[in-house]
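Written below as structure tokens is the structure these notes are about.
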Amino acid sequence: DAIAGVIAPGQHWKVVWSWEGNNADGPIAGDDGSLLFANNDASNGMRLDPATGFASVLFDNTNTGGAVSRSKDGALFLAVRGLGAGIEQLEPRRRMFANTFQGEPIECAGGTVNDLVADARGGVYLSVSGSGVFHASPVGKLTKHGDVPAANGIILSPDERTLYATNGGVVVAFDVQADGSLANQREFGRLRGGQGGDGAAVDAEGRVYVATGASADVFSPAGEFLGSIAGPRGLHGVAFGGKDKKTLYGIVFYGGWGTPS
């Protein structure tokens, strides 16, 4: 269905790339209309040209990397999900950025690394399902914030004053403080189009789009539910791309190895 100011009537999803397994996760817009994403099961990072369907490997041996994010100054980060989990910086130089919490490996905090978003201050926010929301300072020190046990999708508002995180069927919001810490956790909106929240995106107007497994639910910056963009079964992430950044891309995992996803 159409959503005023968001999507015109009669729009349809079309496949631009597929492979077997959970092999497109945590996508972001790249240059010249391309998309960058973590090739989760294959442990590499890829660049996709949606116009041709051609995907090339940019980074190997990502240890089950599950999401990428680029800061406004160009640094590229990866959420590492394999043993030795954490945040790896891929560009401008490749290095482990943050992987310990309170002096122990982040695995000791419990849960599975899910998603991340880099900020303009040199820090990175990380969601760990089963544990919560973490912030890595510019020197890689991880701090936990709020109470978001089912943390999954995570995204910043365009002005980076608000952080959004999915928590099951609820989207929560935080105020971002000057030092990158988070305050004032509150319910931002409740999902309606699917079972629970996964990857999220924002548009230039600050509207929030959340993949629910069956749709992309859309909220105004004030948390008003604007509608659901029905999606393929297994829709678990969304990102804006294309040369004008106005095309919504989704990632779909059907739940079984050997199935094109």
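Counting other Cβ atoms within 10 Å, which trypsin sites (Lys or Arg not before Pro) in the range 35-97 have at most 16 and lie in a DSSP loop? Show your work: numbers first, answer last.
On the way: sites: Arg47, Arg70, Lys72, Arg81, Arg93, Arg94, Arg95; in loops: Lys72, Arg81, Arg93, Arg94.
Here the sparse-neighbourhood loop sites are Lys72, Arg93, Arg94.
For Leu191, what is the net charge nearby, where nearby means another residue's Cβ is under 15 Å from its Cβ and Lys, Arg count +1, Asp, Glu -1? Let's see the in-between values first.
Values: positive: Arg190, Arg192, Arg207; negative: Glu187, Asp198, Asp217, Glu224.
So the surrounding residues net to -1.
Tell me, in nm to one decimal, what length is gained between Met96 and Ala204 on full extension, where the rule is 0.36 nm per residue of separation less the Cα-Cα distance? Let's see the in-between values first.
Working: separation 108, 0.36 × 108 = 38.88 nm, distance 3.10 nm.
Extra length from Met96 to Ala204 when fully extended: 35.8 nm.
With +1 on the Cβ of every Lys and Arg and -1 on the Cβ of every Asp and Glu, and nothing else charged, how large is the dipole of the chain about its Cα centre, in debye rounded to the nearest 20? Kindly include the intermediate steps, with their values, before the conclusion.
Working: 20 positive and 27 negative charges, 12 e Å.
Once rounded to the nearest 20, the dipole reads 60 debye.
Can you spot the lysines whose alpha carbon is less than 25 Å from Lys144's alpha carbon? Ignore those fewer than 8 places along the same chain.
Lys144 reaches Lys72.
For the range 1-74, what is the Kirkwood estimate of the hydrodynamic radius, computed as the reciprocal of the mean inverse distance between distinct Cα atoms, to one decimal in Å?
By the Kirkwood definition, the hydrodynamic radius is 13.6 Å.
Using modelled amide H (1.01 Å from N, peptide plane; none on Pro or chain starts), what sits under 5 Å from the amide H of Ile229, excluding residues fewer than 5 places away?
Ala216, Asp217, Val218
Take every Cα pair under 8 Å in the range 110-228 that's 6+ residues apart, average their separations, divide by the length, and report that relative contact order as a whole percent.
Once normalised by length, the contact order is 16 percent.
Which of the trypsin sites (Lys or Arg not before Pro) found in the range 203-254 are loop residues per DSSP with 16 or fewer other Cβ atoms within 10 Å of their Cβ? If you can, show how the numbers build up before the last one.
Details: sites: Arg207, Arg233, Lys243, Lys245, Lys246; in loops: Arg207, Lys243, Lys245, Lys246.
Those that pass, being in a loop and sparsely packed, are Lys243, Lys245, Lys246.
What nm distance separates the two modelled labels at Asp41 and Glu20, each placed 7 Å from Cα along Cα→Cβ?
With each label placed 7 Å out from Cα toward Cβ, I get 0.7 nm.
What number comes out for the charge environment of Asn152, summing +1 per Lys or Arg and -1 per Asp or Glu over other residues with Cβ under 10 Å away?
After counting each charged neighbour, the total is -2.
What does the net charge come to around Thr112 if you take all other residues with beta carbon closer than 13 Å to its beta carbon, with K and R at +1 and D and E at -1? If you can, show how the numbers build up before the last one.
Values: positive: Arg81; negative: Asp25, Glu107, Asp115, Asp198.
Residues close to Thr112 contribute a combined charge of -3.
Send over the per residue convex hull volume for the range 52-105, Cα only, as a whole number of Å³. Kindly include the intermediate steps, with their values, before the conclusion.
On the way: hull volume 5.5 nm³, N = 54.
About 101 Å³ per residue, rounded to a whole number.
When the Karplus curve 6.51 cos²θ - 1.76 cosθ + 1.60 is applied with θ = phi - 60°, which whole-Hz ³J(HN,Hα) does each residue of the range 216-225 get, with x for Gly and Pro?
Taking θ as phi minus 60°, the curve returns 10, 7, 10, 10, 6, x, 8, x, 6, 6 Hz for the range 216-225.
Within 10 Å, at most 11 other Cβ atoms, and a DSSP state outside H, G, I, E, B define an exposed site. Report the longest part of the chain free of exposed GluC sites (Glu not before Pro). Write down the numbers at each step before the final one.
Details: sites that count: Glu205, Glu224.
So the longest stretch without any such site is 1-204.
Tell me, what is the percent relative contact order of the chain, built from C-alpha pairs under 8 Å that lie six or more residues apart? List each step's numbers first, then the result.
On the way: 737 pairs, mean separation 37.3, N = 261.
Averaging sequence separation for qualifying contacts and normalising by length gives 14 percent for the chain.
If one puts a single equal scatterer on every Cα of the chain and applies the Debye formula without solvent, what log₁₀ I(q)/I(0) results at q = 0.10 Å⁻¹?
For the chain, the Cα-only Debye profile gives -0.43.
Since every read-out is calculated from the coordinates, none of them should be taken as a lab result. What you see is a predicted model, and the numbers here were worked out from it, not measured in a lab. Note that each Cβ is placed from the backbone with ideal geometry, even for glycine, and that neighbours are counted across all protein chains shown.
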